[in-house]
Amino acid sequence: MSTATAFDLSRFLATRTDAVNRALDRFLPAATTKPATIHKAMRYSLFAGGKRMRPALLIAAAEACGGSEANAMPLACAVECIHTYSLIHDDLPAMDNDDFRRGKPTNHKVFGEGIAVLAGDALLTQAFEIAAQCKKFPRYPHDQIILEIARAAGSLQLVGGQVADLEGENKKLSVAELRYIHERKTSALLCCSVRLGGMSASCSAAQLAALTDFGYHIGLAFQVIDDILDVTQTSEKLGKTAGKDAAVQKATYPAIVGLEKSRKIAGQLTAKAFAALTPFKGRAVALEALAGYLLKRDK
Ligand code: GRG
């Protein structure tokens, strides 16, 4: 923990975010490329000011395993494209029906529903195009990398979690049912991010297992905190509509167990994530610092 305190997280986040933004700009077709509307729409949401937590975790995991930012970068960009697609689709009237995201009007509010659906589709596809361009990693061939991303984004994980979320609307869910949703809707892509970081560094099987354990718990903690922030922060701070979960009577940790217990659960999950990093013996400073930051975040 002392190493994490000494670690300059603000600098880490600022430099990595900058590098990720530049790489995304290179990977994506220019806004003027025909048909320009779709490229404008993809770029609108991608560069609307997300926190870039998944790329940061991916690069931090790579560095914990002795890897490089350069090797991790295509995969960091790929997960951010998938994350952004999921937000665009989540905001659609057929899903959560939101008007604001990342401090701006949602994609469908600016470009219309049809283009927003297509911008999400195109970003999902773009993710695989980018990932396929990553370097050849000695321990993890391309098919394994693509499989990793496809599984995290597919009907058993990200999409499956969203299905359970939709079907859980207006129902009283148990904590176990809510955890099932969180594991898929949120934890799967965060866990995939740290695993991909390790894979880009040709990590050992033991390191990959530790990163999986870390990613699973940090992913669950992330969603519990997201639920807490929805009831404790303003829309301005969050860049999206606050208080939405309660307004639509969504099952969340604060709704089921209360705010105080939710904070306790987030702390316990983060402690488990910290514990998973023990095998790195102090070399996972960026991951430790990110876990601490995610627990305390206010947006
Ligand atoms: C397949 C039609 C279709 C839709 C898929 C998978 C999906 C839609 C939606 C799930 C998306 C979702 C809202 C998951 C919750 C994850 C979460 C807490 C997102 C917010 O992440 P942040 O805080 O956002 O990292 P920024 O904007 O900072 O990147």
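Numbers below:
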quantity: Rh (Kirkwood; distinct C-alpha pairs) - the stretch 36-93, Å; calculated: 12.4
quantity: Length gained when the stretch residue 147-residue 256 is fully extended (0.36 nm per residue, less Cα-Cα span); calculated: 35.7 nm
quantity: Radius 9 Å from Cβ of residue 49, net charge of other residues (Lys, Arg +1; Asp, Glu -1); calculated: +3
quantity: CD proxy at 222 nm, helix term only [per DSSP H run n ≥ 4: -39500 (n - 2.57); per residue of the chain; nearest 500]; calculated: -21500 deg cm²/dmol
quantity: 21 Å tail of the calculated P(r), the stretch 162-290, as % of Cα pairs; calculated: 44
quantity: Extension gain from residue 296 to residue 247, taking 0.36 nm per residue of separation minus the Cα-Cα distance; calculated: 15.2 nm
quantity: Rough spin-label spacing in nm, given labels placed 7 Å along Cα→Cβ, for residue 37 and residue 133; calculated: 2.6
quantity: Segment residue 202-residue 51, length gained on full extension (0.36 nm per residue, minus Cα span); calculated: 51.7 nm
quantity: P(r) weight above 19 Å for the stretch 1-142, C-alpha pairs, percent; calculated: 53
quantity: Per residue accessible area of the chain, 1.4 Å probe, in Å²; calculated: 44
quantity: Gyration tensor (alpha-carbon) shape descriptor, the chain, a/c threshold 1.5; calculated: oblate
quantity: For the stretch 64-124, fraction of C-alpha pairs farther apart than 15 Å, in %; calculated: 53
quantity: Mean separation of Cα contacts under 8 Å (6+ apart) over length of the chain, as relative contact order %; calculated: 23
quantity: Accessible area of the stretch 170-294 belonging to carbon and sulfur atoms, whole % at 1.4 Å probe; calculated: 56
quantity: The chain: most fluctuating residue of 146, 218, 181 per GNM, C-alpha cutoff 10 Å; calculated: 146
quantity: The stretch 71-140, accessible surface, carbon-and-sulfur percent (1.4 angstrom probe); calculated: 55
quantity: HN-Hα J in Hz across the stretch 182-197 - Karplus 6.51, -1.76, 1.60, θ = phi - 60°, x for Gly and Pro; calculated: 4, 4, 8, 5, 10, 5, 4, 6, 5, 5, 4, 4, 5, 5, 4, x
quantity: Semi-axis lengths, Å, the stretch 128-198, gyration tensor of Cα atoms, sqrt of 5 times eigenvalues; calculated: 30, 11, 7
quantity: Globularity index of the stretch 226-295, i.e. its alpha-carbon radius of gyration over 2.2 N^0.38 Å; calculated: 1.35
quantity: Spatially proximal lysines relative to residue 244 (Cα-Cα < 23 Å; intrachain offsets below 8 disregarded); calculated: 51, 104, 109, 171, 172, 185, 261, 264, 296, 299
quantity: Peptide ranges 11-22, 115-126, 154-165 listed from the most packed, as the mean C-beta count within 10 angstrom indicates; calculated: 115-126, 154-165, 11-22
quantity: Radius of gyration and maximum dimension Dmax of the stretch 180-247, Cα, Å; calculated: 15.0, 46
quantity: Diffusion constant of the stretch 1-68 at 37 °C, which comes from Stokes-Einstein with the Kirkwood Cα-pair radius and 0.692 mPa s, µm²/s; calculated: 238
quantity: Pair-distance profile P(r), taking every C-alpha pair of the stretch 83-230, with 5 angstrom steps and integer %; calculated: 2, 9, 15, 20, 19, 16, 10, 6, 2, 0
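The values are calculated or read from the model by the stated rules, or taken from the named source; none is laboratory data. As the structure is a prediction and not an experimental result, all values here were calculated from the model. Backbone-built Cβ (ideal geometry, glycine too); neighbour counts: all protein chains shown. The protein model used for the area step is the full one, side chains on, heavy atoms only, and it has no ligands, DNA or RNA in it. Shrake-Rupley method; radii C 1.70, N 1.55, O 1.52, S 1.80 Å.
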